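Student: Structure provided below as structure tokens; questions to follow.
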Amino acid sequence: MFKFLNMLWQCLKASAISIYSNGLRSILTTLGIVIGVAAVVTVVAVMNGMSSMIGNQLNDFASDMVTLTAKTSEQQRLLGQQKELNYDDYIWLKNKADFIRDISPSMQPTEFSANIEYSGKSISTQLIGTDSVYQRVVKVYPEFGRFLSPSDDQYRRRVVFLGATVLKNLNLPKDPVGHFVRLNDDWLRVIGVGERRGSLFGFDQDNYIIVPLNTLRSIYGDSISNNLTILFRPKEGVHFDAIKGQISELVRYRMGVQPGEQDTFEFITAEKMQEKFDSIVNMVLMVTSGVVGLSLFVGGIGVMNIMLVSVTERTKEIGIVKSLGATPQFIMMQFLIESLMLSILGGVVGLLIGLSAAAMFAILLPSSSALDLVPAWAIWLSFGFTTFVGVFFGLAPAIKASRLDPIDALRYE
């Protein structure tokens, strides 16, 4: 045992001296591994950071809110059928579902966006028709003015609540309450501006205008009331999963879905959105990790090539060492350890670069650090792969060096 440890120590010293003596070559040899490991750590950090950021935004954005929408199957679409929720469905559900705390309709009469004008300037924005309860369901709070009131919807008042982006893009005064904007041929009085909420999934949450639902129906006609989304929150202390079955039964009955038939509606929650996003993140992570893995593989080939060149350059040196009594096992271990040290050195440098990149990305995320974004498995995977690269690609040069005949090696020029 002592003899083996002594041989291992001598190999480590010889390998370290060889790496130090050929500094530039050693740096170039490990470059592929450095880039590969740095890329792995950076990609993992960015993906985790995005997932964390989206999770925080979903928690801020009414995490217990549930969205009920109509769902049309592909087969029904081919038959020209379109499932919809209308205003009467909303009223019916509102009266029947006593386990729901707040419920509000949301209607978007235009498929993409609506044009709104002020002082000769026109912009495109998201148009939402709803009622006063929408504020409690979606957690929309005014920075200036007020939100919709029940009487606004009841009397179809020509009023509008603006998002912060609309305020900026229309060059409205900082406090625009009382000013008028134009929607189609109708002038709407601004009653409030919402607090800034930022972006979610790259979508600007502040680029919207909210108009009383009945006002919107009077502008666009009653036909648009057949394109509703129903938003609600369960009562305090009740999780949606506990009442999902009851609501499903009510909606199936209302929409005439027969037993055994598929639902013609779906529920969207913050948790479901997070799950979908996480699945996308994991898919992207797998693809990018595969690409980065190829980079590490190429780096390993680079290590092998340089080590083979090193064997050729040090042929005479190997002959001298063998003539002095070095065993083939010693020569093989020396070259194998040298290859392993180069790979691990590249892994350490790559990890430091990756952590630095993660730290820079963490600056953009509140209450996050580089170590929060880079899980332990990513670090161990990087080192495990670099160790494998060092052993696997160092094996051929090590075997070649150990099999050199000492007489032929001494004669080599």
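The values are calculated or read from the model by the stated rules, or taken from the named source; none is laboratory data. If you're wondering where the values come from, they're calculated on a predicted model, not measured in any experiment. Quick reminder, even Gly has a Cβ in these numbers, built from the backbone with ideal geometry, and neighbours come from all protein chains shown. Surface accessibility is based on the protein's heavy atoms, side chains included, excluding ligands, DNA and RNA. Shrake-Rupley method; radii C 1.70, N 1.55, O 1.52, S 1.80 Å.
Student: Taking each pair of distinct Cα atoms in the range 261-300 once, what is the resulting Kirkwood hydrodynamic radius in Å?
Tutor: Taking every pair of different Cα atoms in the range 261-300, averaging 1/r and inverting gives 12.8 Å.
Student: What is the sum of charges around residue 182, taking Lys and Arg as +1, Asp and Glu as -1, for the other residues whose C-beta is under 13 Å from the C-beta of residue 182?
Tutor: My count for the surroundings of residue 182 gives 0.
Student: Amide H neighbours of residue 159 under 5 Å, at least 5 residues apart or on other chains, H built in the peptide plane: list them.
Tutor: 189
Student: Quick check: with the 1.4 Å probe, what order do 248, 218 take by accessible area, largest first?
Tutor: Per-residue accessible area, sorted high to low, gives 218, 248.
Student: Another question, then. Could you please report the charge total around residue 206, scoring K, R as +1 and D, E as -1 over all other residues with beta-carbon less than 12 angstrom from its beta-carbon?
Tutor: That sum, taken over residues with Cβ under 12 Å, equals 0.
Student: Is the range 237-279 best put as rounded, prolate or oblate by its Cα gyration tensor, with a ≥ b ≥ c the root eigenvalues, rounded for a/c under 1.5, and otherwise prolate when a/b is larger than b/c, oblate when not?
Tutor: In terms of gyration-tensor shape, oblate.
Student: Here's another thing I want to ask about it. Report the FRET efficiency, 1/(1 + (r/R0)^6), for residue 356 and residue 253, where r is their Cβ-Cβ distance and R0 is 56 Å, rounded to 0.05.
Tutor: Using R0 = 56 Å, I get an efficiency of 0.45.
Student: Hey, another quick one. Under a 1.4 angstrom probe, counting protein chains only, how are 220, 141 ranked by accessible area, largest first?
Tutor: Ranking 220, 141 by accessible area, largest first, yields 141, 220.
Student: Here's a follow-up. Among the GluC sites (Glu not before Pro) in the range 89-193, which ones are in a DSSP loop with at most 13 other Cβ atoms within 10 Å of the Cβ? Mind listing them?
Tutor: Passing sites in the range 89-193 are 111.
Student: Once the Cβ-Cβ distance between residue 115 and residue 377 is put in as r, and R0 is 41 Å, what FRET efficiency do you end up with, to the nearest 0.05?
Tutor: 0.25
Student: While we're on this one: Compute the signed sum of charges (Lys and Arg +1, Asp and Glu -1) over the other residues within less than 10 Å, Cβ to Cβ, of residue 158.
Tutor: Taking every Cβ under 10 Å from that of residue 158, the sum is +1.
Student: Report the residues of the range 101-139 in range of a label on residue 236: point 7 Å along Cα→C-beta, backbone N strictly under 18 Å from it.
Tutor: Taking a point 7 Å out along Cα→Cβ of residue 236, the residues of the range 101-139 whose backbone N falls under 18 Å are 101-103, 136-139.
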